[in-house]
Every structure is written in C-alpha cells, then in structure tokens.
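*Asks:* Supplied in structure tokens, the structure appears directly below.
Please treat every number below as a calculation from the coordinates, not as lab data. As the structure is a computational prediction, the values presented were derived from the model and not from experiment. A quick note on method: Cβ atoms are made from the backbone with ideal geometry, for glycine too, and the neighbour counts reach across all protein chains shown.
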Amino acid sequence: MISETIIKNLRKIMADKQLTQATMARYADTSASQFSKILNGAVQLSLEQLSNLATNLSMREIDLITYPEIYVSKEETHVEDSVEVVLQMRLTKDKRNQVLSLVFGDNDIEILNK
C-alpha cells in the first residue's frame, strides 16, 4: 500500500539524514506525538503534510514516495533527435568527393565551397 511505502521511506530519510521525529514533525507542521502516530500507521499522513515534508527536506513529493530513487519523467529523459558523429577517413580526392556526395547529396558543393 502506498501509505506503508511512504512511512517506510520517511523512516529511511530520517535515518539517512539523521533527523529526529521531533524535527520531522516540525517539517510536517504537526506535533511530535501526531507524527509518531503517522509513523506507527495509526494516523494517515495528509497530502499537505507530505508536501510540507518534501519542501522542508528540499525534495519533491514524488521523491518521498520513490525514495531513495529519484523519479525522472519521460520528458526529462528525452534525447534530442540530432546526434553528433565524428568520422575520420583518409581518401583520395575522387573518393573524397564520392563520399561527400553520398553523405550530403546535392548540398556537397555548397559545403565544399564554404
């Protein structure tokens, strides 16, 4: 269940960052006893508390759910369509012209003249 995952991750974050329950309660804008109940599963963590925790931990809400992994959207991983290719060949002049014509088509004369 998602709430169990979040609670488990909050415990990991507390351990990793060496934070106390009192500090986490302050970050969530709740009392220490209420935060203890959240960690024990007796009380549900609200979205506002989750958001407050994320803000105060300098994290995104989604990263509290996926911790220790960081969520990366497809848009962030989008690779540009253009790719840089470097190819070095030693050719005779006539072969060079044939290769350039093959690579650049009719535009090879324009490129060679620049």
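*Asks:* What residue among Thr23, Thr92, Thr66 shows peak mean-square fluctuation when the chain is described by a Gaussian network model with Cα springs under 10 Å?
*Replies:* Result: Thr92 has the largest fluctuation of those listed.
*Asks:* Out of Gln49, Gln88, Gln18, any idea which swings most in a Gaussian network model of the chain, alpha carbons joined below 10 Å?
*Replies:* In the Gaussian network model the winner is Gln88.
*Asks:* Below 28 Å Cα-Cα, how many Lys pairs turn up in the chain? Only count pairs eight or more apart in sequence, or on different chains, if you could. Write down the numbers at each step before the final one.
*Replies:* On the way: Lys8/Lys17; Lys8/Lys37; Lys8/Lys74; Lys12/Lys37; Lys12/Lys74; Lys17/Lys37; Lys93/Lys114; Lys95/Lys114.
Here the count comes out as 8.
*Asks:* For a footprinting-style exposure proxy, rank Ile2, Ile65, Ile38 by other Cβ within 10 Å, fewest first.
*Replies:* On the way: Ile2 7, Ile65 15, Ile38 22.
The most exposed by this proxy come first: Ile2, Ile65, Ile38.
*Asks:* Between Lys17 and Ala32, how many nm apart are label points set 7 Å from Cα along the C-beta direction?
*Replies:* Going by the 7 Å Cα→Cβ label model, 1.8 nm.
*Asks:* Only one of the listed values, [x] 194; [y] 109; [z] 93, was derived from the coordinates as volume of the Cα convex hull per residue in Å³; which label is it?
*Replies:* Only one option fits the structure, namely [x].
*Asks:* Would you mind calculating the gained length between Glu4 and Glu61 on full extension (0.36 nm times residue separation, minus the Cα-Cα distance), in nm to one decimal?
*Replies:* Full extension from Glu4 to Glu61 adds 19.0 nm.
*Asks:* Among Leu47, Leu19, Leu10, rank each residue by its count of other Cβ atoms within 10 Å, from fewest to most, as a rough exposure measure.
*Replies:* Values: Leu47 9, Leu19 16, Leu10 24.
Ranked by crowding around the Cβ, least crowded first: Leu47, Leu19, Leu10.
*Asks:* Still on this structure: List Arg90, Arg11 from most exposed to least, where exposure is judged by having the fewest other Cβ atoms within 10 Å.
*Replies:* Working: Arg90 6, Arg11 14.
So the ranking, lowest neighbour count to highest, is Arg90, Arg11.
*Asks:* Let me know the charge dipole size of the chain about its Cα centre in debye, to the nearest 20, where only the beta-carbon of Lys, Arg (+1) and Asp, Glu (-1) is charged.
*Replies:* Working: 13 positive and 16 negative charges, 109 e Å.
Using Cβ point charges on Lys, Arg, Asp and Glu, the chain gives about 520 debye.
*Asks:* Between Glu48 and Ser101, what is the spin-label point distance in nm, taking each point 7 Å from the Cα along the Cα→C-beta axis?
*Replies:* In this crude label model, Glu48 to Ser101 measures out at 7.5 nm.
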